[in-house]
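To keep things clear, I will list the structure first and then write my remarks on it.
The values are calculated or read from the model by the stated rules, or taken from the named source; none is laboratory data. No experiment lies behind these values; they were computed from the predicted model shown. No Cβ is skipped: glycine too gets one built from the backbone with ideal geometry, and neighbour counts run over all protein chains shown.
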Amino acid sequence: MKRKTLLTGATVGAGLLLAIAAVSAVLPLNQPAATPSSQPPTTTTATTTPGVSLRPVDGGPDYYARFAHGLPADPSYFPLGVWSESVVDPGNVAQDKQVGLNTYVALTANSDIQLALDSGMYAIPAIGAPAANGHPSANGFLLTDEVDMWAGPGSGAWSGNYPGEGPICAPAASQCGYTVQSERHKAAPPGTMLYANYGKGVAFWESDAEAQGFFNGVQDLVSADTYWFTDPGICSRTEGGAVVKYAKDLTPAECRLAANYGWTVDRLRKLSSSGNPTPVWAFVEAGHPFDNAPAALTITGPQLRAAVWSSLIHGARGIIYFNHSFGGQCATQHVLRDCAGEVQQTVTSLNKQITGLAPVLNAPFLDGATVPTGPVDTTTKVLDHTAYVFAGANTSAGGTATIHLACGGSSAVVIDENRSIPVVDGTFTDTFIDGNAVHLYRIQGSSACGF
């Protein structure tokens, strides 16, 4: 759940898009949304090694190229976005590039989208927002933000209002989130990529059936903002504690955990159509996204890095940084520009690392190729006959983990750590010092199970 501010600095309710205009024409209600460009089936290819299979990234490697003015299909591009940032002069873009960003999501109302595009950045503005204004070269459009929270899971009539503008559904006590998404979809430029962000409704409050109503051919790209490290309320039994694993108020060790960002990605992938998940981008906060309430926190550099990598380990196809701080030591709407220090340095080095690994992140998964024993989540990728294993702690204490390699190998080179671990009898062991520990391995001498 995000808080957002208008350019004047006045706070508005959750889900109200910055400078988004209501659709001018009232479209027929309760009609199914037009089906987005079809995705190729998500297939797996079995190997001769039992239990190991090859799986493409969600949507396939060329997914973005199928849309009008789509994002690059080049494997060297991995989306590193920033939410609701302003672009008013070349210096803004220069600052954002300096920290490794490459994509703007929901530009502010005063932004110059052409300047952003001409500067080599990519842009996904909101439909109807002044920053978009029907711009012919936008790389996609944002349908809505957190409609699951402010309109609810239902097909009632939509008044056309957004939060703060009057009754949203008709009658006022009804729910109309499905209708909002359908009508926003019809208002979008044909053939463009449509993106939607959801909140605590889809993540926690709604049943699977209710949440899946938002995944019925509406968007081509999806995210959900669950700020596990900083949200003062997310640890309660009605929010993060509502997940099946817990069903209770969470302790700090259970709640303030990088692995929960991976859980959010898993939740969205589960809600997608069977066997064909919609690509998921992960939201990670870059500052202090809530006010100075006692339980509100500021994310640290190690927490941010671990949250991003947990999301990637669980299949996120892009990252969006929430760039606004409403409390803490650096209150600003431009955290990555204004707040020099640990988080800014972490994002810069992290984005450089992700960009360098983009061809690997865009490569297929080698499911079943690694079996961890110990407190870690892992995923395996294969590129050019080389296997890569990404591992992140999944408990607050961390610990020692042993990873068995079904496809063999002689050593695990730990990327960006200047060390290598011998593989003995198909396994290697490493230490994860705490819940924010992440290690990335390139497996030398692996058969990659024939791929």
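Conditions tested, residue by residue: (1) surrounded by fewer than 24 Cβ atoms within 10 Å (Cβ to Cβ); (2) of a type in the set (Asp, Glu); (3) more than 28 Å from Val284 (Cβ to Cβ).
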| residue | (1), (2), (3) |
| --- | --- |
| Pro171 | yes, no, yes |
| Gly191 | yes, no, yes |
| Ala196 | no, no, no |
| Lys200 | yes, no, no |
| Ser207 | yes, no, no |
| Ala211 | yes, no, no |
| Asp225 | no, yes, no |
| Lys248 | yes, no, no |
Checklist entry - Considering only the range 368-404, how many residues are hydrophobic (A, V, I, L, M, F, W, C) and surrounded by fewer than 16 Cβ atoms within 10 Å (Cβ to Cβ)? => result 2
Checklist entry - So which residues in the range 215-227 are among the aromatic types (Phe, Trp, Tyr) and in a loop (DSSP other than H, G, I, E, B)? => result Tyr227
Next on the checklist: Please go through the range 420-451 and give me each residue that is assigned to a helix (DSSP H, G or I) and of a type in the set (Gly, Ala, Ser), ordered by number.
Outcome noted: Ala448, Gly450
Item to check | Ser310 farther than 22 Å from Leu357 by Cα, small (Gly, Ala, Ser) and under 19 Å from the mean Cα position of the chain (by Cα) | outcome: no
Next on the checklist: Can you tell me how many residues within the range 364-422 are in contact with a helix residue (DSSP H, G or I) (Cβ under 8 Å, 6 or more places away or on another chain) and free of Cβ contacts under 8 Å to residues at least 24 places away in the same chain?
Outcome noted: 1
Item to check | Residues satisfying the stated conditions in the range 87-138, i.e. at negative phi, among the polar types (S, T, N, Q) and modelled with pLDDT under 95 | outcome: Thr108, Asn110, Ser111, Gln114, Ser137
Checklist entry - Identify, please: which residue in the range 310-361 is within 22 Å of Pro72 (Cα to Cα) and among the basic types (Lys, Arg) and is, among those, surrounded by the fewest Cβ atoms within 10 Å (Cβ to Cβ)? => result Lys352
Checklist entry - Within the range 258-272, is there a residue that is small (Gly, Ala, Ser) and either closer than 30 Å to Gly91 by Cα or in contact with a Lys or Arg (Cβ under 6 Å, 6 or more places away or on another chain) (or both)? => result no
Next on the checklist: Suppose the filter is in a loop (DSSP other than H, G, I, E, B), in the same structural domain as Gly160 (by TED's automatic domain parsing) and closer than 18 Å to Ser155 by Cα; does Gln212 pass it?
Outcome noted: no
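Each row is one residue, and each column tells you yes or no for (1) in contact with a Cys (Cβ under 8 Å, 6 or more places away or on another chain); (2) in a helix (DSSP H, G or I); (3) aliphatic (A, V, I, L, M).
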position: Gly201; (1), (2), (3): no, yes, no
position: Phe229; (1), (2), (3): no, no, no
position: Cys235; (1), (2), (3): yes, no, no
position: Thr238; (1), (2), (3): no, no, no
